[in-house]
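Q: Below is the structure I would like to discuss, written out as structure tokens.
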Amino acid sequence: MIATLSSSTSVVVLVGAVFLASAVEMVEALTIVLAVGHVRGWRSALQGVAVAILALGALVGAFGPALVHVPLSTLRLVVGIVLLIFGMQWLRKAMLRSSGLKAKHDEDAIYRETVAELQAQGAPVGRDPVAFVVAFKGVFLEGLEIVITVLTLGTSAHRLGLAVIVAAIAVVLVGIVGVIVAQQLSSVPENAMKMVVGIMLVSYGTFWTGEGLHVRWPGGDTTLLVLVVFYAVVAAAFIRVLRMTHHVAQEPAHE
Amino acid sequence: MSDTASLPVRLLKGFGRFWWDFLVGDTPEITVAVIVIVGAVALVVHVMRVNALAYVALPLLVIITFAVTLYRARKTG
């Protein structure tokens with residue numbers, strides 16, 4: 001019973017983290033691809049997307065099976081450290097954005113900037129290397145973060161297949177919704193999603209770093225859920241304190 | 001490095017830059033803190049052999065790192 005609960009907790013956190021992280025990165029990639037497609041035409045843009053997807057698929061195919069052969073405690077320590085650093089960076093940014101200390105990620109602004117940069121390159125003639133390269137880079141770099149999340153979380157939990165399927169569903173869903181609503185990606189609650197992903201990555205990072213160092217967690221895998229709640233509460237407290245101190249600093253001094 | 005650098009060199013540089021941005025970026029204090037945390041917890045587990053201290057210290061040190069990096073961000077604006 002307890003083992004089943006532990007396993008279910010682990011799967012739920014894994015699915016949630018992979019889905020949200022993949023969705024957030026897909027929103028960022030899609031913003032670039034939509035800008036390229038609208039300004040420079042879809043043919044070269046979609047070719048860039050296709051080549052980037054092939055390159056990312058090759059990376060998963062090459063490193064996924066290889067990682068399975070790394071000893072589990074070593075793998076979890078390395079993955080734990082990577083997730084801890086990556087997750088803390090995400091969560092830090094999300095907390096700063098929520099408290100008003102950092103500007104929120106604005107997909108509309110990014111779309112406008114990309115469009116302006118592409119228009120400055122001049123009209124495309126025939127095959128368009130600019131559209132190809134910008135679309136390729138956008139998809140490959142954002143996709144690389146999805147690949148790292150999928151490989152690290154999937155292999156450490158011994159559920160690489162599940163992680164790949166969840167990421168693919170997230171990417172396809174965001175892709176379909178993104179194409180339908182086109183230029184309205186700014187309405188996606190990206191910072192809230194990043195906050196949740198950050199909390200999950202830091203929780204996983206803490207848990208697996210501990211496992212890799214042979215720390216025996218009280219409660220086994222259910223500790224993961226405790227860590228998620230713990231970091232969520234702490235993040236909310238940090239945001240509250242940052243908002244209060246930010247407002248105090250902005251108020252003019254009264255005589 | 002000039003633009004005339006060979007493709008393998010450019011790919012290697014790009015690969016290194018990606019990992020540097022990914023793991024260090026504009027928050028080197030987080031990377032350094034995580035390395036220190038791992039070292040400290042390893043000492044507690046393998047030298048002091050106090051498991052309870054290890055599983056309390058690990059998330060607590062993460063929280064302290066957040067406090068430091070957020071304070072730094074607030075100070076620098």
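Q: Can you give me the relative contact order of chain A as a percent, contacts being Cα pairs under 8 Å and 6 or more apart?
A: 41 percent
Q: Please give the calculated 222 nm ellipticity per residue for chain B, where each DSSP H segment of at least 4 residues contributes -39500 (n - 2.57) and the sum is spread over every residue; nearest 500 deg cm²/dmol?
A: -26500 deg cm²/dmol
Q: Continuing with the same structure: Take peptide B:23-35, look around each residue's Cβ out to 10 angstrom, count Cβ atoms belonging to other protein chains, and average those counts.
A: Rounded to a whole number, the mean comes out at 4.
Q: Based only on other Cβ atoms within 10 Å, what is the fewest-to-most ordering of A:T206, A:T149?
A: A:T149, A:T206
Q: Could you work out the mean count of beta carbons from other protein chains within 10 Å of each residue's beta carbon in B:61-71?
A: Going residue by residue through B:61-71 and averaging, the value is 5.
Q: Let me ask you something else. Tally Lys/Arg at +1 and Asp/Glu at -1 over every other residue whose Cβ is under 11 Å from the Cβ of A:G143; what's the total?
A: So the environment of A:G143 carries a net charge of -3.
Q: Helix-derived [θ] at 222 nm for chain A: sum -39500 (n - 2.57) over DSSP H runs of at least 4, divide by residue count, nearest 500?
A: -29000 deg cm²/dmol
Q: Cross-link partners among lysines for A:K194, C-alpha distance below 25 Å, same-chain residues fewer than 8 apart left out?
A: List returned: A:K93, A:K102, A:K104, A:K137, B:K75.
Q: Provide the net charge surrounding A:E211, with neighbours chosen by a C-beta distance below 14 Å and charges set as Lys +1, Arg +1, Asp -1, Glu -1.
A: +1
Q: Within a 10 angstrom radius of each residue's Cβ in B:47-54, how many Cβ atoms of other chains show up on average? Whole number is fine.
A: Other-chain Cβ atoms within 10 Å of each residue's Cβ, averaged: 2.
Every read-out reported here was derived from the displayed coordinates using simple, explicitly stated rules and does not represent laboratory data. These figures come from a predicted structure and were not determined experimentally. Don't worry about glycine lacking a Cβ; one is built from the backbone with ideal geometry, like all the others, and counts go over all protein chains shown.
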